[in-house]
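Take a look at the structure set out below.
The values are calculated or read from the model by the stated rules, or taken from the named source; none is laboratory data. Values in this document were obtained by computation on a predicted structure and should not be read as measured data. Using ideal geometry, Cβ is built from the backbone for each residue, glycine included, and neighbour counts are taken over all protein chains shown.
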Amino acid sequence: MKVSYLNDAFFSRLETLALNLRANLAGFFGGKHLVKTYGQTVEFADYREYMLGDDIRRIDWNLYSRFEKYFLKLFTDERQMHVRLYLDCSASMGKEAPRKGAYAIAFAAALGFLAVHNMDKVSFKAIKGNVCEDPFGTIVGKTSFFRAMSQLENTEFDGEADLGAAIANSPDAGTNDGLSVIISDFMTESDWKKAVDFLTYKKRQVLLIQVLTPDENDPDYDGRINLIDSESLGMEDGRNMKLRITRGMLHAYQEALADFREDLRSFCNSREAGFLSTVCDKSIERELFGGLLKAGVMS
């Protein structure tokens, strides 16, 4: 059964939010993000003394009349950023758990909407195998965004995803011009840390969003069960198991999951990247207002 979160009410509830991007990013002219450099907006920032070659039209003649020295007016600079959203399209993200896949898509759509709503560019990158597909190209404006959303909902989750290789080999990762978001459960044998290192090397602001199902977050199994690896279905070396679940095993799983989350969080902190772990039965709006606000990515 197909699950969808995307509708007019969903997007209208997001209009009061904005992405909080670092002021030292370069970006492009014509956006809404204040940067540390001085530019050509109408908002006054500071003065500095005139130097040979400066534009004399920016001299403040009122100050000259008082101090008999030339001072230039400096104004704030606003830039347009490029938000790139990397979506893990492996089977574990939605093939057997359609709500999880729909939630990941909705989270990507919410961040994409915030980008275009604040005059930024956005790109959706589908990670399949070791390839990073770009189905829509660079999106500017809400008309193009909503046209892409009707197709994004049909994203298929299948096979495996090598996050590190796919992102490191992406031809359009960008440099110092905005936010890169990786949405995944990160339950993979691939080197996801390689992806974070690559994006930070490219001077991108990075955010990792871990999406889990309620069963993955807090399993409630008992007795004998068959564990099926959705990403290895149809493969000769399928990683499937028959287990008898005990209370001790559930406790060990919770400890392992807590250690895994802490590894994600501490690695992101060491790279000055944001991190949010969420469960797909939680409100996306609440996670945006709460979790990403704490991570410093939302304002």
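General observations
- Members of segment 75-116 found to be under 19 Å from the mean Cα position of the chain (by Cα), part of a loop (DSSP other than H, G, I, E, B) and at pLDDT below 90, listed by number: 81, 94
- A single member of 267, 275 is surrounded by 11 or more Cβ atoms within 10 Å (Cβ to Cβ), modelled with pLDDT of 80 or more, at negative phi and in a helix (DSSP H, G or I), and it is 267.
- Among the residues of segment 117-167, those identified as of a type in the set (S, T, N, Q) and within 24 Å of residue 92 (Cβ to Cβ) are 123, 130, 151, 154, 155.
- When the residues of segment 119-138 are filtered to those that are outside any loop (DSSP other than H, G, I, E, B) and among the aliphatic types (A, V, I, L, M), the one that is nearest to residue 152 (Cα to Cα) is 126.
- Residues satisfying the stated conditions in segment 251-289, i.e. within 16 Å of residue 192 (Cβ to Cβ) and hydroxyl-bearing (Ser, Thr, Tyr): 266, 270, 277
- For beta carbons closer than 8 Å, sequence separation of 6+ or different chains, a first residue in segment 126-149 that is on the phi > 0 side of the Ramachandran plot and a second that is of a type outside the set (Val, Ile, Thr) and surrounded by fewer than 20 Cβ atoms within 10 Å (Cβ to Cβ), the qualifying pairs are 129/159.
- Filtered residues of segment 117-138 (kept if of a type in the set (Lys, Arg) and either at pLDDT 90 or above or surrounded by fewer than 16 Cβ atoms within 10 Å (Cβ to Cβ) (or both)): 125, 128
- Any hit, segment 278-288, residues being in contact with an Asp or Glu (Cβ under 7 Å, 6 or more places away or on another chain) and either closer than 25 Å to residue 98 by Cβ or free of Cβ contacts under 8 Å to residues at least 60 places away in the same chain (or both): yes
- Some residue of segment 139-155 being within 26 Å of residue 200 (Cβ to Cβ), in a loop (DSSP other than H, G, I, E, B) and at pLDDT 90 or above: no
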